[in-house]
1. Please list, ordered by first then second residue, the pairs with beta carbon atoms under 8 Å, 6 or more apart or interchain, first in region 102-118 and within 10 Å of residue 83 (Cα to Cα), second in a loop (DSSP other than H, G, I, E, B) and among the charged types (D, E, K, R).
2. What number of residues within region 122-158 are within 23 Å of residue 23 (Cβ to Cβ) and within 14 Å of the chain's Cα centre (by Cα)?
3. So which residues in region 79-112 are of a type in the set (S, T, N, Q) and modelled with pLDDT under 95, if there are any at all?
Amino acid sequence: MKHILLALAMTLFGTVNGHTHSQDNTKEKLRTDTNAEFKRNISKCSIEVDVVTDFGKKKEFWRICNLDNNNRIIKIESHSEDTYYQEAYFERNGSLVYAAETERYMPKNHFTQQVWHCEFYINNGKLVTMMSLGHGKTEMDDWNPNIIFEMYKGRLGEMEKIKE
């Protein structure tokens, strides 16, 4: 009886472990494929700033890249106090599939002192996985990674206010 229970437990553990490993592989594939597609697309974009806005408390510099393949990349950069901010949004056929947020502690007349960077990978409107490096928001107990969707919606609203 012990041998049967042990075999059952090992089989169950192997199934759970195998399922977890399969999920990890799926997330890794999503990250790898999305990163490759993002790099291919951004290489076709201009590095020139398209728009300067002041919707918030700071001036922001936007690059909006509408690609022939119905993809779009929106990059926004700004500097406030001692922090340099960057956001990137990658849309495929009008749907957000990737977003990145970076905060660099970079006082004026200094090189970067500290970096926090987070990448968000989205499938069918849901956050599937994310990668974070450095010290920042992801270390806060009350931080919710789904805030990226609110940030993105806010940016789309601001884009509508930009005059041609």
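The values are calculated or read from the model by the stated rules, or taken from the named source; none is laboratory data. What you see is a predicted model, and the numbers here were worked out from it, not measured in a lab. Virtual Cβ from ideal backbone geometry, glycine too; neighbours counted across all protein chains shown.
1. Within 8 Å, the pairs are 105/82; 106/82; 107/82; 108/82.
2. So in region 122-158, the residues within 23 Å of residue 23 (Cβ to Cβ) come out as 122-133, 138, 143-146, 148-149.
From what is left, the residues that are within 14 Å of the chain's Cα centre (by Cα) are 122-123, 125-133, 138, 144-146, 148-149.
Here the count works out to 17.
3. Of the residues in region 79-112, the ones of a type in the set (S, T, N, Q) are 80, 83, 86, 93, 95, 102, 109, 112.
80, 83, 93, 109, 112 - these are the residues of region 79-112 that are of a type in the set (S, T, N, Q) and modelled with pLDDT under 95.
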